[in-house]
């Protein structure tokens, strides 16, 4: 079916279709609450949630900023650690073998299990525990993807570099890093969602008030269901923001590979091939 | 490209200072340790390649022809014996960028344009941007890809990619070119075209070439001498000098090479040389029935 659509129609459909589905779901939801009469504590209506968003806008913004900052710091630290350690592990086999069990255990540690421990470790008034949790959560996918990316160089490229008598720094700059780039960016994109989720979940387990997670739990505990939902909407928006920014970063950095003037095939095929290039780097 | 330019000694300054021998291989053995035991890849190899000479290494797979080229390139070290490249150790020659190299796979960096790929060695060795650009332009012109400078490798055909790789190997005007089956993955028509291009380019630059191949006609067409090797252990069985065209025995290698054209492929001497190499490969005169030589 979609093969018969012009690229422009396809793009329009891609934007309109999810919007239509969203509007439809919200309509049904509102209908269930206000006409069928589902009680407010089970499911607040979209209208009442919107009301709460408007009413407590300032608090939502500051909560989003707190959680967002924690997630961002965690993501940045996790990224730097992940790339550095992966570079070391790719360079020295011993580092790889030493770090493998640590990485494996970090990958299976539930964030929920770490949160109370770290919160009591760093005190009730410190955001550090939450940032550490976000960093640990984002570290793992970045490390694994980056290490894999560093191992993608082909023998012919490595021998070429040897024939050119390239220094280790030059090999890293001109061969290893560019080869690993799509893998690193995929790791960061996966980690971005994890950073937001873990920063948020960590707030459920004590520590300073004010973040989205703690406000969701207090609102729900004090039966302010619509307000709790308003904060949930804000956390969804925050997660989406992180995801879209990292996706944009990925597209931007890899643009030389995706935007190619291809004169041998028609525009239609170009757009599909471009998309398939992106999706291969996306799926891991 | 013009004849007088070829008749003059290539790179007079370099030729005067450099020894007349490009590569000297003496008593070289190479043993690989594998899980199945020791593999003698090369045994008792002696070979001398003059400056500006085109030498092909030919033989069945496992005869160590690629290994020999890799030893010259210092991508591997010999187990015994010595190799000198322009009077230096292979390692020193590699560090001094005395040779250019091309493999069976083009090995282009996919995130770089054609021009940036050719510029890579120049960039790595700190050539300034302006002369680099000029050199890249000249090289792409030489391999006939000037119009494709801004394309990416995956937009080119296999033959075009290989031409980019050859341009890249010539970037620093090496006195020695090492080529490991560079046309092995190409179709026959592209291959013949590339062979003619290579003959022309090597005559233009006056570089010595070590060319690994498993195609007899290719070796015969390109070379001044064909080194026939046999496997297990890899040894040199025979070195067959090529006398193509009628009367160029006295002229220089470069001039002889410039005279080498596609017409030669149908010349009687070409078939005679093909037969000579075949006989050397098989170790005995080929039966009379093989008169109609297959030009595989």
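Here residue A:153 clears all of (1) away from chain B (no Cβ under 14 Å); (2) closer than 30 Å to residue B:96 by Cα; (3) in contact (Cβ under 8 Å) with a residue 12 or more places away in the chain except the condition numbered (1). Taking the listed residues A:253, A:196, A:233, A:245, the one that is within 14 Å of another protein chain (Cβ to nearest Cβ) and in contact with a helix residue (DSSP H, G or I) (Cβ under 8 Å, 6 or more places away or on another chain) is A:253, with no other qualifying.
One residue stands out among those in the stretch B:68-85 that are under 20 Å from residue B:212 (Cα atoms) and in a loop (DSSP other than H, G, I, E, B): the one that is farthest from the other protein chains (Cβ to nearest Cβ), which is B:78. Of all residues being farther than 15 Å from residue A:185 by Cβ and surrounded by fewer than 23 Cβ atoms within 10 Å (Cβ to Cβ) in the stretch A:72-82, which is farthest from the chain's Cα centre (by Cα)? Just the residue, please. Out of the qualifying residues, it is A:81. Of the candidates B:200, B:163, B:175, the single residue that is at pLDDT below 85 and away from chain A (no Cβ under 12 Å) is B:200. Total residues in the stretch A:104-131 satisfying the condition of being closer than 30 Å to residue A:173 by Cα and in contact with a helix residue (DSSP H, G or I) (Cβ under 6 Å, 6 or more places away or on another chain): the figure is 2. Residues in the stretch B:97-149 that are facing chain A (nearest Cβ under 8 Å), part of a loop (DSSP other than H, G, I, E, B) and under 20 Å from residue B:175 (Cβ atoms): B:97, B:103, B:125. Taken over the stretch A:165-193, the criterion of being crowded, with 23+ Cβ neighbours inside 10 Å and within 11 Å of another protein chain (Cβ to nearest Cβ) is satisfied by A:182 alone.
Restricting attention to the stretch A:83-99, report how many residues are surrounded by fewer than 12 Cβ atoms within 10 Å (Cβ to Cβ) and assigned to a helix (DSSP H, G or I).
Residues in the stretch A:83-99 being surrounded by fewer than 12 Cβ atoms within 10 Å (Cβ to Cβ) and assigned to a helix (DSSP H, G or I): 3 in total.
Whether a residue is more than 21 Å from residue A:178 (Cβ to Cβ) and either crowded, with 20+ Cβ neighbours inside 10 Å or touching a strand residue (DSSP E or B) at 6+ places or on another chain (Cβ under 7 Å) (or both) was assessed, and residue B:175 passes this test.
In summary, residue B:46 fulfils each of the numbered conditions (1) assigned to a strand (DSSP E or B); (2) surrounded by fewer than 22 Cβ atoms within 10 Å (Cβ to Cβ); (3) touching a helix residue (DSSP H, G or I) at 6+ places or on another chain (Cβ under 8 Å) with the single exception of condition (3).
Restricting the stretch A:6-57 to residues that are touching a helix residue (DSSP H, G or I) at 6+ places or on another chain (Cβ under 7 Å) and farther than 17 Å from residue A:229 by Cα, the residue that is surrounded by the fewest Cβ atoms within 10 Å (Cβ to Cβ) is A:7. Would you say residue A:210 is modelled with pLDDT under 90, under 13 Å from residue A:68 (Cα atoms), in contact with a helix residue (DSSP H, G or I) (Cβ under 7 Å, 6 or more places away or on another chain) and surrounded by fewer than 19 Cβ atoms within 10 Å (Cβ to Cβ)? Judged against the criteria, residue A:210 is a match.
The values are calculated or read from the model by the stated rules, or taken from the named source; none is laboratory data. Values in this document were obtained by computation on a predicted structure and should not be read as measured data. All Cβ positions, glycine included, derive from the backbone under ideal geometry; neighbour counts span all protein chains shown.
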